[in-house]
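The structure under discussion appears below in the form of structure tokens.
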Amino acid sequence: MSPKKKKTIKSIIVDVDKCNGCRACEVICSAFHAKPQYSSANPARSRIRVIREPFTDMYVPVYAGEYAPAECAGRDKYIINGKEYDECAFCRASCASRDIFREPDSGLPLKCDMCESDPPLDKPMCVQWCLNEALIYEEREEEVEEEDSRQEAEIGLEAMADKHGWQTIKDIVARISKKD
Ligand code: SF4
Ligand code: SF4
């Protein structure tokens, strides 16, 4: 068995009852991730979207998860406190059946990165901007297999290589190695 190591799990708990659909979270998420940062605010580029049905007082903030290459085959309905929610209202996937969580120009999937930044933020931007406290940030420590974290590092490296190219990654690693 491979050795264990500690990992910080970050999550955002959504209190649907407190959300009033103001969309401040969408605005700040898109602005924080704009290039250059804060140069624009376009909710279509946000990694959190609020599913809104004002006539039924239904507001569900959903933050973007994994890319799903295919639509799911069936849909359920949920009835919570007398309100009827479509299954897609809670789904975090960037999926072909709807037009959220896709970068509008390129069509590439968007995924919440918990506002990764250097230096790190105390709390993600959407949590900071939600004045109704509908978004609650939590961190917890979990023990994971060393192998799992290696796989994650590989996935992270592949994502960076997609963005910047393998040669750039190799140059950076070579430069850092020389410093050691
Ligand atoms: S900022 Fe908070 S209250 Fe406003 S839409 Fe987002 S989650 Fe809802
Ligand atoms: S945590 Fe950051 S990246 Fe994720 S939805 Fe909130 S503002 Fe966007």
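Quick rundown of the values:
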| item | result |
| --- | --- |
| Of all residues making up segment 25-51, the number that are away from ligand 2 (no atom under 12 Å from the Cβ) and under 27 Å from I80 (Cβ atoms) | 1 |
| Of residues in segment 55-69 being part of a loop (DSSP other than H, G, I, E, B) and without any contact (Cβ under 8 Å) to a residue 40 or more places away in the chain, the one farthest from A24 (Cα to Cα) | P69 |
| Residue that is farthest from ligand 1 (Cβ to nearest atom), among those in segment 122-133 that are touching a Phe, Trp or Tyr at 6+ places or on another chain (Cβ under 9 Å) and more than 15 Å from V27 (Cα to Cα) | D122 |
| Near pairs, Cβ below 8 angstrom, 6+ apart or cross-chain, from segment 90-119 (of a type in the set (V, I, T)) to any residue that is in a loop (DSSP other than H, G, I, E, B) | I100/A64 |
| Pairs, first more than 9 Å from P61 (Cα to Cα) and charged (D, E, K, R) in segment 18-34, second part of a loop (DSSP other than H, G, I, E, B) and more than 10 Å from ligand 2 (Cβ to nearest atom), C-beta under 7 Å, six or more apart | K18/N132; K18/E133; K18/A134 |
| Residue match in segment 13-24 (condition: within 13 Å of ligand 2 (Cβ to nearest atom), of a type in the set (V, I, T) and closer than 15 Å to M125 by Cβ) | no |
| Leading residue by the ranking (farthest from L108 (Cα to Cα)) among those in segment 39-62 that are modelled with pLDDT of 95 or more and among the hydroxyl-bearing types (S, T, Y) | S39 |
| Residue within segment 38-57 that is within 21 Å of C130 (Cβ to Cβ), acidic (D, E) and in contact with a Ser or Thr (Cβ under 7 Å, 6 or more places away or on another chain) present | no |
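The values are calculated or read from the model by the stated rules, or taken from the named source; none is laboratory data. Not measured: the values here are computed from a predicted model. All Cβ positions, glycine included, derive from the backbone under ideal geometry; neighbour counts span all protein chains shown.
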